[in-house]
């Protein structure tokens, strides 16, 4: 579709057309967290490169990690990975043609939001030495 | 991306199935690894299991994220910029694989 803009072929309805539901939110969040993880993995590559190349570069990356911004990035990355992982399991289940009933899909969407948030709290608490 | 739909679909699912257990390991380790000092972090990555699993997470993650972002680009960009973005997307994934593999290899064999 090289002449995309000029094409007469119809596009499917865009985001703002749909009534807001938790399943819609989960669908958008799946893409959003995917993009966050993409950026996070690139940032984490800086961390390993610093670790391999020089203590000075590592110290610079480490200073960001230990700043308030670094804490927000880590919490955001952990929540995104948990959400994307759990919602990804929903997608794999759907690939088998199951779990599409309205009640089921709505319940699993809520479940993913709640479980990802609780697990994030636990991992951040334990990761920063809360249990030790 | 024409005529690559089926293989991308399969690779997306296959990588997801491998990334699921890898992510659980990753989530257990990553916060303390990222917040560690230089010597501790190098010691952590010198453990064979950690080096292998972090390397696998980066490489399989790069393949998975490339397909996912390509899907988003194709959905929202309908101009000439689409091909440019898809190319940059490829470069980012390959760069990530190269950087992670080289770094982990270097640290692991430096001891």
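Read the figures in this text as sums done on the coordinates, not as results from a lab. Here the structure is a predicted model, which is why all the values come from computation and not from measurement. Glycine gets a Cβ as well: all are built from the backbone with ideal geometry, and neighbour counts include every protein chain shown.
With everything on Cα atoms, drop me the angle between helix B:5-34 and the longest principal axis of chain B, reported from 0 to 90° to the nearest 10.
Here the helix axis deviates by roughly 30 degrees.
Roughly what angle does helix A:68-95 make with the longest principal axis of chain A, taking Cα atoms, 0 to 90 degrees, to the nearest 10?
The helix A:68-95 is inclined about 40 degrees to chain A.
Helix-only estimate, please: 222 nm mean residue ellipticity of chain A, summing -39500 (n - 2.57) across DSSP H runs of length 4 or more and dividing by its residues, to the nearest 500.
Values: 4 runs with 97 residues, N = 132.
Computed ellipticity for chain A at 222 nm equals -26000 deg cm²/dmol.
How would chain A be classified by its alpha-carbon gyration tensor: rounded, prolate or oblate, with rounded meaning a/c under 1.5 and the a/b versus b/c comparison settling the rest?
Working: a/c = 2.83, a/b = 1.49, b/c = 1.91.
Cα axes put chain A in the oblate bin.
Can you show me the helix-derived [θ] at 222 nm for chain B, built from DSSP H runs with n ≥ 4 at -39,500 (n - 2.57) apiece and divided by the number of residues, rounded to the nearest 500.
Details: 4 runs with 97 residues, N = 111.
Helix-only estimate at 222 nm: -31000 deg cm²/dmol.
Two decimals is fine: what's Rg over Rh for the protein assembly as shown, C-alpha atoms, Kirkwood radius as Rh?
Working: Rg = 19.5 Å, Rh = 19.6 Å.
Across the protein assembly as shown, the Cα-based Rg/Rh ratio is 0.99.
Separation between the residue A:101 and residue B:110 pseudo-spin-labels, each 7 Å from Cα along Cα→Cβ, expressed in nm?
5.7 nm
Which residues among the range B:44-84 fall inside the zone where the amide N is under 20 Å from a point 7 Å beyond the Cα of residue B:94, along Cα→Cβ?
Counting backbone N atoms under 20 Å from the label point, the list is B:58-71, B:73-74, B:81-84.
Would you please give the FRET efficiency between residue A:24 and residue B:8, computed as 1/(1 + (r/R0)^6) with r the Cβ-Cβ distance and R0 = 25 Å, to the nearest 0.05? Could the numbers behind the result be given before it?
On the way: r = 24 Å, r/R0 = 0.97.
It comes out at approximately 0.55.
Could you tell me the convex hull volume per residue, in Å³, taken over the Cα atoms of the range B:13-55?
Values: hull volume 2.7 nm³, N = 43.
Considering the Cα atoms of the range B:13-55, their hull volume per residue is 63 Å³.
What average number of partner chain Cβ atoms lie no more than 10 Å from the Cβ of the residues making up A:49-56? Spell out each step's value before the answer.
Numbers: counts 5, 3, 11, 12, 4, 1, 4, 1.
For this peptide, the per-residue mean of nearby foreign Cβ atoms is 5.
Round to the nearest 10 and give me the degree value, 0 to 90, for the angle of helix B:81-110's Cα axis relative to the longest principal axis of chain B.
So the inclination is approximately 20 degrees.
Compute the distance in nm between two label points, each set 7 Å from the Cα along the Cα-to-Cβ direction, one at residue A:15 and one at residue A:31.
Inter-label distance under the simple model: 0.7 nm.
Between residue B:83 and residue B:40, what is the label-point separation in nm under the 7 Å Cα-to-beta-carbon projection?
Taking the simple label geometry, residue B:40 and residue B:83 are separated by 5.1 nm.
To the nearest 0.05, how large is the calculated FRET efficiency for residue B:71 and residue A:122 if R₀ is 35 Å and r is the Cβ-Cβ distance? Please report the intermediate quantities before stating the final value.
Working: r = 31 Å, r/R0 = 0.89.
The formula returns an efficiency of 0.65 here.
Report relative contact order for chain B in percent, whole number only (criteria: Cα-Cα under 8 Å, sequence separation at least 6). Working shown, then result.
Numbers: 63 pairs, mean separation 38.9, N = 111.
Across chain B, relative contact order equals 35 percent.
Can you tell me how chain B classifies by the Cα gyration tensor, rounded, prolate or oblate, using a/c under 1.5 as the rounded cut? Before the final figure, lay out the partial values.
Numbers: a/c = 2.66, a/b = 2.06, b/c = 1.29.
Note, shape of chain B comes out prolate.
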